[in-house]
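**Q** Quick one: structure below, then a few questions.
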């Protein structure tokens, strides 16, 4: 029968979940390239950082409206929104590292590579 289209951010829940999975895969790949193993969740700092980048990603998606009109955008506008989204997530992750004063212990290469892979994916 007739279904009413959902309003708000819930209509893009599939995009949100896929985006969060891609971010974790990018983080896991970057950690694997740097350290050669996939046991990053054992280390307290890297496990917390995985949670923080997911929360930052979710916050940017919801607050900045990254998915607004996602199906109607052209290629250029989609690229601009994606670069902006990745930049803000990276900024929030860096801010977290400096706030908790763990920036020295965390590999900046892993964070940078995560953002590059996340941008490409």
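**Q** With respect to the numbered conditions (1) over 13 Å from residue 110 (Cβ atoms); (2) assigned to a helix (DSSP H, G or I); (3) at pLDDT below 90, which one is the sole condition not fulfilled by residue 84?
**A** The number of the failed condition is (3).
**Q** Looking at region 61-76 only, could you name the residues that are surrounded by fewer than 12 Cβ atoms within 10 Å (Cβ to Cβ) and either under 14 Å from the mean Cα position of the chain (by Cα) or assigned to a helix (DSSP H, G or I) (or both)?
**A** Selection gives 63, 75, 76.
**Q** If a residue must be in a helix (DSSP H, G or I), free of Cβ contacts under 8 Å to residues at least 60 places away in the same chain and touching a helix residue (DSSP H, G or I) at 6+ places or on another chain (Cβ under 7 Å), how many such residues does region 29-46 contain?
**A** Final tally of qualifying residues: 2.
**Q** Starting from region 81-105, take each residue that is within 15 Å of residue 58 (Cβ to Cβ) and list its partners that are assigned to a loop (DSSP other than H, G, I, E, B), counting only C-beta distances under 7 angstrom and pairs at least six apart or across chains.
**A** Sorted first by the residue in region 81-105, then by its partner, the pairs are 85/66; 88/64.
**Q** In region 57-81, what residues are farther than 25 Å from residue 27 by Cα and modelled with pLDDT of 85 or more?
**A** Residue satisfying the conditions is 76 alone.
The values are calculated or read from the model by the stated rules, or taken from the named source; none is laboratory data. Just so we're clear, the structure is a prediction, and the values are computed from it rather than from any experiment. Because the Cβ atoms are built from the backbone with ideal geometry, glycine has one as well, and the counts that use them run over all protein chains shown.
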